[in-house]
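Report on the following structure.
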Amino acid sequence: MAESRDDEQLGLRLAAVAVLGFVLTIPPFFARFDRVGQVFGVPVLAAYLFLVWAITIGLIALIGGRSR
C-alpha cells in the first residue's frame, strides 16, 4: 500500500516537472529572451534554453534519486 502511494507521488512530481519544462519553453517565454546580446559569449536565447534544459534534468535527477 505504501509503495503504491510512493509511486503515485513520484509520478505526480515528475508530471509537475514536465509541465514546468513545457511552460518555460512555450513561445511567450521565448519572446522575452529573443534579443540581441550575449551571456558569456552565447546568445541570450540559447543560454535560456540551456538553462531550462539543465534545470529540468537536475530536477528529474533529484526526484529520481529520492525515490530509491
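The values are calculated or read from the model by the stated rules, or taken from the named source; none is laboratory data. No experiment lies behind these values; they were computed from the predicted model shown. In this analysis, Cβ positions are derived from the backbone assuming ideal geometry, glycine residues included, and neighbour counts consider all displayed protein chains. Only protein heavy atoms, including side chains, enter the accessible area calculation; ligands, DNA and RNA are left aside. Shrake-Rupley method; radii C 1.70, N 1.55, O 1.52, S 1.80 Å.
Table for the structure above
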item: Identity of the residue in segment 20-45, aliphatic (A, V, I, L, M) and within 15 Å of the chain's Cα centre (by Cα), that ends up most open to solvent (accessible area, probe 1.4 Å); result: L20
item: Selection count where residues are modelled with pLDDT under 90 and either assigned to a loop (DSSP other than H, G, I, E, B) or polar (S, T, N, Q) (or both), scope segment 41-68; result: 2
item: Residue count, segment 1-15 (criterion: open to solvent by 60 Å² or more (accessible area, probe 1.4 Å) and without any contact (Cβ under 8 Å) to a residue 40 or more places away in the chain); result: 9
item: Single unsatisfied condition, G21 versus (1) touching a helix residue (DSSP H, G or I) at 6+ places or on another chain (Cβ under 6 Å); (2) in contact (Cβ under 8 Å) with a residue 60 or more places away in the chain; result: (2)
item: Breaking point among (1) closer than 15 Å to I63 by Cα; (2) at pLDDT below 90, for A18; result: (2)
item: Near pairs, Cβ below 6 angstrom, 6+ apart or cross-chain, from segment 26-40 (within 15 Å of V52 (Cβ to Cβ) and free of Cβ contacts under 8 Å to residues at least 60 places away in the same chain) to any residue that is surrounded by 12 or more Cβ atoms within 10 Å (Cβ to Cβ) and β-branched (V, I, T); result: F33/V44
